[in-house]
Amino acid sequence: MSEKILLAHGSGSKLSHDLVEKILVPSLTNPILAQLDDAAVFPLSGRLAFTTDSYVVNPIFFPGGDIGRLAVCGTVNDLSTSGARPLYLSLALIIEEGLELDDLRRVIESVRNTAAEAGVQIVTGDTKVVNRGKADRLFINTAGIGLIQEGVDISGSHVRPGDKIILSGGIGEHGIAVMSRREGLEFKVPVVSDCAPLNRMVAGMLKASNNIHSLRDPTRGGLASTLSEFALQSGVGIIIEEGKIPVHDGVRGACELLGLDPLYIANEGKMVAAVAPEDAVAVLASMQGNRYGTQAALIGEVTAEHKGRVIMKTRIGASRIVDLPAGEILPRIC
Amino acid sequence: MRFIDEYRDAGLARKLASRIAAISTRPARLMEFCGGHTVAIMRNGIRQLLPPTVEMFSGPGCPVCVTANADIDRSITLAGLPGLIITTFGDMVRVPGSYATLQKCRASGGDIRIVYSIQDALQIARGNPGRQVVFIAVGFETTAPTIAMAVKQADREGLQNFFVHCLIKMTPPAMKALLDLGEIMLNGIICPGHVTAIIGTQPYESYARDYGVACVVAGFEPVDILQAVAMLVEQIESGRPRVEIAYTRGVRPEGNLKALEVMDEVFETTDAEWRGIGRIPCSGYKLKDSFVRFDASAAFPVEVPPAREAAGCRCGEVLRGIIRPPDCRLFRKVCTPENPVGPCMVSSEGSCAAYYQYGGIDE
């Protein structure tokens with residue numbers, strides 16, 4: 001029988017030591033983590049960005065990623081949206097009793113690979129095991145610290161009339177990939193989660209322009225929520241063009257079938273930027289030069305009219321409002 | 001994407017819009033019956049492309065919306081019975097009944113599961129032989145064949161713990177009821193594409209013949225809808241109302257004979273209660289006697305307190321097409337998708353939800 005996580009793995013006993021020392025530390029090792037003190041200690045000075053997020057995705061393995069990759073990318077990307085260079089992450093695991101040890105190994109392996117890809121270090125962590133039924137296999141929390149370069153000042157409230165809106169690629173892939181795995185739906189054109197660390201792409205964008213006003217990764221609530229937040233936070237109007245928003249064929253097919261709107265579906269490897277018009281071409285080119293931004297596109301612009309609202313020019317030339325998503329997103333019934 | 005992109009083509013849409021504007025001289029008062037059409041019209045901003053002579057009214061074609069409070073209340077009461085598993089489509093869970101919602105019932109311990117198809121409900125019944133599983137079937141003729149097939153399947157397998165609370169409704173009697181009411185003086189109907197794919201065009205013949213109303217069956221993409229509007233305007237201008245199909249890639253005049261056959265085997269018609277319209281004779285489906293052991297209302301007779309309507313909610317008038325959602329004083333102020341007062345704000349096909357989500361520019 002395969003090995004499983006027991007309550008004792010979280011009890012501070014020999015088993016918990018083994019878990020930390022045989023599975024977690026060797027895989028994630030770096031000089032700061034290896035100190036194995038209760039707090040990670042490291043020197044750092046300058047303007048810092050600090051963020052935290054919890055990951056409870058079901059299923060924990062999905063096409064294109066897993067909860068480990070997600071937990072690293074989510075925090076790395078949140079730091080990146082402030083223009084920070086992500087450096088150090090914490091990793092806290094809440095494990096449901098009975099989780100296969102091999103599954104945990106796979107997740108930790110994925111955390112390691114993703115952290116290496118992003119160039120960040122896991123410097124501290126925690127593990128708890130809870131009774132069966134008190135969690136759903138594995139929950140992860142990560143927090144992260146990043147350093148913001150002199151002169152970089154990015155916020156969702158800095159969008160200005162005249163700015164161009166740039167999107168780094170096709171929308172809805174993460175949400176559809178997870179949903180299709182969860183519901184056992186198979187699509188002819190398979191949809192793979194876009195889960196990816198975007199810090200290197202953002203670093204390139206910051207090199208290309210000093211006039212990036214706002215950055216945000218359109219996760220829960222999708223592109224529609226991110227743009228609505230920009231419009232509300234900055235008190236501007238945003239006009240986007242439906243025909244310019246990249247959507248993968250598999251996502252479109254799935255959305256047609258399920259009656260969903262890709263604008264509202266979650267992404268985990270996309271970035272939306274509001275950029276001064278004179279720098280838009282340079283930023284777009286720099287995004288397209290990164291492996292996670294090859295499909296980047298200019299999708300709209302910011303106006304002083306329609307304050308607080310996002311308006312979409314539909315494919316057939318009419319206009320409609322893009323609102324914050326309302327309630328749960330449910331499949332249609334006929 | 002093939003079969004989609006060509007029906008969203010901007011050039012084609014513009015051509016159809018200018019054709020409509022060029023030929024339309026008389027008032028064309030058109031109703032889209034189907035909620036799917038309402039959503040497509042709002043989502044694509046189709047009204048903005050039409051000349052002032054063409055007026056569009058939304059009809060009662062949202063199955064969750066037309067389900068009467070008494071029927072929702074009965075579903076909620078069933079969900080409160082100990083040991084029962086209730087399965088249903090997502091929208092039904094949030095729709096307010098007279099006193100509660102299935103969602104609230106679930107929060108207080110009811111076993112209510114959202115399914116994507118009745119096949120999932122069958123699967124739950126197979127997997128839980130010790131428990132009774134009720135599927136709450138709302139929908140029109142598009143959903144009916146899948147329900148009929150599942151009931152036959154349950155019968156073949158000898159499933160003892162599977163039941164259907166059948167609230168399936170028929171489209172043509174409701175259309176006829178609206179025409180008889182005569183409240184909005186329609187002269188054209190955009191007939192529902194998917195429903196007609198099942199029942200065929202024959203039921204609409206009398207609308208053209210007896211009521212002088214133009215009928216065109218439409219698909220759900222913007223070009224489909226504009227094409228149907230163009231055909232309706234042509235009929236109205238020529239003064240020769242008849243039944244035509246714009247959605248030829250989906251609909252045959254005779255409908256889907258196989259689906260009709262299986263529906264006929266399992267269902268018989270019954271009077272049904274429609275929100276906003278009232279009791280319409282022979283406008284619903286119920287299980288025939290030979291399948292009555294799958295009928296949830298026979299298997300679980302429950303007392304349901306008298307239904308009542310939410311104060312100020314004008315869903316009934318919205319469903320009859322006599323007011324638009326923004327005409328309701330609760331719309332966007334008290335009644336929102338987060339806190340819906342009436343079903344038209346809940347369902348993904350509801351007019352109020354469509355206006356809330358996609359309207360707002362012209363309000």
* To do: Taking every Cα atom in the stretch B:101-221, find the radius of gyration and the maximum pairwise distance Dmax, and write them in Å.
  => 18.9, 56
* **Theoretical ellipticity at 222 nm over chain B - DSSP helices of four or more residues, -39500 (n - 2.57) apiece, nearest 500** => -11000 deg cm²/dmol
* Asked: Check A:L198: other-chain or 5+ apart residues with amide H under 5 Å from its amide H, H built from backbone geometry?
  -> A:N77
* For the stretch B:1-72, just the Cα atoms, rotate onto the principal axes and tell me the three extents in Å, largest first. => 47, 37, 15
* **Beta bridges per DSSP with both ends in chain B, % antiparallel, nearest 5** => 20
* Structure fact -> In a Gaussian network model of chain A with springs linking alpha carbons closer than 10 Å, the residue among A:I148, A:I321, A:I299 that fluctuates most is A:I321
* Using a Gaussian network model of chain B with C-alpha springs under 10 Å, which one of B:D71, B:D180, B:D271 is most mobile by mean-square fluctuation? -> B:D180
* Asked: If contacts are Cα pairs under 8 angstrom and at least 6 residues apart, what is the relative contact order of chain A in percent?
  -> 21
* B:R14-B:E237 FRET efficiency (beta carbon distance; Förster radius 25 Å; 0.05 resolution) -> 0.75
* Given chain A, what percent of its DSSP beta bridges are antiparallel, to the nearest 5? -> 75
* To do: Would you give the gap between the C-alpha center of the stretch A:100-158 and the C-alpha center of the stretch B:213-237, rounded to a whole Å?
  => 54
* Structure fact -> Too long for a 28 Å Cα-Cα cut-off, among A:K207/A:K307; A:K270/A:K307; B:K176/B:K258, are A:K207/A:K307
* **Rounded, prolate or oblate (a/c below 1.5 giving rounded, otherwise prolate when a/b exceeds b/c) for the stretch A:115-204 by Cα gyration tensor** => oblate
* Structure fact -> Shape call for the stretch A:23-88, from the Cα gyration tensor axes a ≥ b ≥ c (a/c under 1.5 means rounded, otherwise prolate when a/b beats b/c, else oblate), comes out oblate
* Structure fact -> For the protein assembly as shown, the per residue accessible area (1.4 Å probe, Å²) is 41
* At most 15 other Cβ atoms within 10 Å and a DSSP loop assignment: could you name the trypsin sites (Lys or Arg not before Pro) in the stretch A:102-185 that fit? => A:R132, A:K134
* Given labels modelled 7 Å from the Cα in the Cβ direction, how far is it in nm from B:D155 to A:R106? -> 4.4
* Asked: For B:E254 and A:L257, what does the FRET efficiency come to when R0 = 35 Å and r is the distance between their Cβ atoms, rounded to the nearest 0.05?
  -> 0.85
* Test item: B:195-204 mean partner chain Cβ contacts at 10 Å -> 0
* Structure fact -> Computed over the stretch B:185-266, the relative contact order (Cα-Cα under 8 Å, seq sep at least six) in percent reads 40
* Cα Rg over Rh - chain B, Kirkwood -> 0.98
* Structure fact -> A student applying the Cα gyration tensor rule (rounded when a/c is under 1.5; otherwise prolate if a/b is larger than b/c, oblate if not) would label the stretch A:164-322 oblate
* Could you give me the percent of Cα pairs per 10 Å distance bin for the stretch A:18-57, shortest bin first, beginning at zero and ending with the bin that holds the maximum distance? => 21, 36, 37, 6
* Structure fact -> Note, A:A203: beta-carbon cut-off 14 Å, +1 each Lys/Arg, -1 each Asp/Glu, net +3
* Asked: If we sort A:11-17, A:52-58, A:173-179 on the protection proxy, mean other Cβ atoms within 10 Å, highest first, what's the order?
  -> A:173-179, A:52-58, A:11-17
* Asked: Averaged across the residues of B:332-339, what count of C-beta atoms belonging to other chains lies within 10 Å of each residue's C-beta?
  -> 1
* Taking the Cα atoms of the protein assembly as shown, what is the range of coordinates along each of the three principal axes, in descending order and whole Å? -> 86, 65, 44
* Order the peptides B:56-66, A:88-98 from the highest to the lowest mean number of other Cβ atoms within 10 Å of their residues. => B:56-66, A:88-98
* To do: Run the numbers on the stretch A:164-322 and let me know its relative contact order in percent, using alpha-carbon pairs under 8 Å that are six or more apart.
  => 43
* Structure fact -> Here the net charge surrounding B:P253, from other residues whose Cβ is less than 13 Å away from its Cβ (Lys, Arg +1; Asp, Glu -1), is -1
* Modelled label-to-label distance, B:S108 and B:C282, 7 Å Cα→beta-carbon offset: nm? -> 4.2
* Amide H contacts of A:R137 (H built 1.01 Å from N, under 5 Å, at least 5 apart or other chain) -> A:E96
* Please provide three numbers in whole Å: the alpha-carbon extents of the stretch A:7-148 along the principal axes, with the largest listed first. => 43, 34, 22
* Which value, in Å³ per residue, describes the convex hull spanned by the Cα atoms of the stretch B:21-109? -> 109
* On the protein heavy atoms, probe 1.4 angstrom, tell me the percent of accessible surface of the stretch A:8-162 carried by carbon and sulfur. => 51
* Cα-based equivalent ellipsoid of chain A: semi-axis lengths in Å, sorted from largest, via gyration tensor -> 36, 25, 15
* Asked: Can you give the net charge of the other residues whose Cβ lies under 10 Å from the Cβ of B:E55, counting K and R as +1 and D and E as -1?
  -> +2
* Hey, which of these cross-link pairs are over 19 Å Cα-Cα: B:K104/B:K286; B:K169/B:K286; A:K164/A:K244? -> B:K104/B:K286
* **Inter-label distance, nm, simple model (7 Å from Cα along the C-beta direction), A:E241/A:N210** => 3.1
* To do: Rounded to the nearest 0.05, what FRET efficiency do A:D249 and B:E303 give with R0 = 56 Å and r taken as the Cβ-Cβ distance? Could you check?
  => 0.60
* Once the Cα atoms of the stretch B:52-93 are picked out, what are the Rg and Dmax in Å? -> 16.0, 57
* Residues of the stretch A:34-74 with amide N under 19 Å of a point placed 7 Å along Cα→Cβ from A:L147 -> A:40-51
* Asked: Once amide H atoms are placed 1.01 Å from N in the peptide plane, what residues at a sequence separation of 5 or more from A:I265, or on another chain, have their amide H within under 5 Å of its amide H?
  -> A:L223
* Counting each DSSP H run of 4 or more residues in chain A as -39500 (n - 2.57), what helix-only mean residue ellipticity at 222 nm follows after dividing by all residues, to the nearest 500 deg cm²/dmol? -> -8500 deg cm²/dmol
* **Accessible surface buried once B binds A (1.4 Å probe; total of both sides; Å²)** => 3000
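The values are calculated or read from the model by the stated rules, or taken from the named source; none is laboratory data. Quick caveat: nothing in here was measured; it's all calculated off a predicted structure. FYI the Cβ positions are ideal-geometry reconstructions off the backbone, even for glycines, and counts take in every protein chain you see. With ligands, DNA and RNA removed, areas are computed over all heavy atoms of the protein, side chains included. Shrake-Rupley method; radii C 1.70, N 1.55, O 1.52, S 1.80 Å.
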